[in-house]
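Below: the structure, in structure tokens.
The values are calculated or read from the model by the stated rules, or taken from the named source; none is laboratory data. Everything numeric in this text was worked out from a predicted model, so none of it was measured. Glycine also receives a Cβ, built like all others from the backbone with ideal geometry; neighbour counts cover every protein chain displayed.
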């Protein structure tokens, strides 16, 4: 179904301004001029009737900068039909093949039914592809086709995002129609395993990557004036400056702020209203972890560093890991030694959330590393801090190690594989890491979870071909047999957690 080219605004109805003022042509898009120019060149191939070498376009960048808006504007401006899959839909191999891959093989129906232009096309829009979980392992065509048959149920049915990334590659290699993908975090799309570079290269051989930046102050000002003029409203110059100062370059957040202010004011927004909004507003935007760390290291203010981390796209657990890794390149040995107690205290506070409801643990877990970085980063390194992806976060992503085990854990726990990978898998890796004291002959965790001997070896990163693998597997199977003959011990609840609460007193 083609996207409508006009929005009817009914009087008295409180429409979402982000939709009402969504640009309907590339010329209306503010900011990222060079990126829009690259998109125009790519579109030029399709409009001329030739299929470009790269049939896909990957629009990556932070939320709210106009990636999805650009894709929809392309379709509206040209009268193209849109097939859209977004994050709220199941996007496994079968779902993508049914909606996108098959649709990409045919010309737009508008050319026959509504007298569309001869250049009419079907635009395939895959929104937030970085939310596709799993790896790039291909699912068999037989299993996909059986899933597409409504009468077929059982083991052949695909669940979640199984095979979604592999089908994405298939779509890009065979599409006869333009494919546009949006992505907030490309690293999440490539995967955190050792094969992330090859995954990236495979996709970018078939899709052009256009990286969007945060929108500048001048562009935000243009958007604000356009919206307010259309609504017949005005704003104090100081109020608009304050609104833009608080905005990280997110057009969507700006428009939402303006709509929020308009609901409480008549036809003029004064600076006091803007100040009140800034006290209670929660930004619908996130700052990329690389930019967040660069800003923290270059900051001279602990308060500013705290605000930056609040808007980052990582939780305190991950940020602590990023700080621990990158501090080594920003600070010398003396400074690293000086902040070591604070980093250890941060780690301790974060660990308490596994034993009680220590809500303050997240505050201290993120605040301590940030304050340490601000206080001890040398002035010479602030402006040239190189931010690297922590290598130890990539460990455990090997397909032979994580694939079957993650799937098994998701079945045992009744959770999604994505949740297991993101929340449980890193913890299990740390528990079984030899450098951290993990012992291959300690079967406690694997036995409690009911894992197989091969799963236990995978937890320790030991391939089945390793010389010690057979010995460990045999010992594990023997201990499992002995456990089956023993009587289960009844669980005893222990509510006494008074000694583990992380508090200001202990700090």
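Of the candidates 167, 208, the single residue that is touching a strand residue (DSSP E or B) at 6+ places or on another chain (Cβ under 7 Å) and either in a loop (DSSP other than H, G, I, E, B) or in contact (Cβ under 8 Å) with a residue 24 or more places away in the chain (or both) is 208. Taking (1) over 30 Å from residue 183 (Cα atoms); (2) at pLDDT 80 or above in turn, residue 276 satisfies each apart from (2).
Candidates 260, 266: the one that is assigned to a loop (DSSP other than H, G, I, E, B) and either touching a helix residue (DSSP H, G or I) at 6+ places or on another chain (Cβ under 7 Å) or at pLDDT below 90 (or both) is 266.
Has segment 136-153 got any residue that is buried (at least 21 other Cβ atoms within 10 Å of the Cβ), modelled with pLDDT of 80 or more, assigned by TED's automatic domain parsing to the domain that holds residue 84 and assigned to a helix (DSSP H, G or I)? The answer is no, given that none of the residues of segment 136-153 is buried (at least 21 other Cβ atoms within 10 Å of the Cβ), modelled with pLDDT of 80 or more, assigned by TED's automatic domain parsing to the domain that holds residue 84 and assigned to a helix (DSSP H, G or I). Per the listing 213, 185, the residue uniquely in contact with a helix residue (DSSP H, G or I) (Cβ under 9 Å, 6 or more places away or on another chain) and farther than 30 Å from residue 420 by Cα is 213. Within segment 303-349, if we keep just the residues that are out of contact with any strand residue (DSSP E or B) (no Cβ under 6 Å at 6 or more places or on another chain) and outside any helix (DSSP H, G or I), the residue that is farthest from residue 424 (Cα to Cα) turns out to be 332. The lone criterion from (1) surrounded by fewer than 15 Cβ atoms within 10 Å (Cβ to Cβ); (2) modelled with pLDDT under 85 left unmet by residue 442 is number (2). Can you tell me which residue is modelled with the highest pLDDT among those in segment 279-290 that are surrounded by fewer than 18 Cβ atoms within 10 Å (Cβ to Cβ) and assigned to a helix (DSSP H, G or I)? Checked segment 279-290; the qualifying residue modelled with the highest pLDDT is 290. Within segment 5-28, identify whether any single residue is modelled with pLDDT of 65 or more, under 26 Å from residue 171 (Cα atoms), under 23 Å from the mean Cα position of the chain (by Cα) and part of a helix (DSSP H, G or I), and answer yes or no. Within segment 5-28, not a single residue is modelled with pLDDT of 65 or more, under 26 Å from residue 171 (Cα atoms), under 23 Å from the mean Cα position of the chain (by Cα) and part of a helix (DSSP H, G or I). Name the single residue that is modelled with the highest pLDDT among those in segment 358-384 being surrounded by fewer than 18 Cβ atoms within 10 Å (Cβ to Cβ) and either assigned to a loop (DSSP other than H, G, I, E, B) or within 24 Å of the chain's Cα centre (by Cα) (or both). In this case the residue turns out to be 363.
Within segment 311-331, can you find the residues that are free of Cβ contacts under 8 Å to residues at least 24 places away in the same chain and under 21 Å from the mean Cα position of the chain (by Cα)? Once the filter is applied, which keeps residues that are free of Cβ contacts under 8 Å to residues at least 24 places away in the same chain and under 21 Å from the mean Cα position of the chain (by Cα), segment 311-331 yields nothing. More than 24 Å from residue 316 (Cα to Cα) and either under 20 Å from the mean Cα position of the chain (by Cα) or surrounded by 15 or more Cβ atoms within 10 Å (Cβ to Cβ) (or both): does that describe residue 428? Answer is no for this residue.
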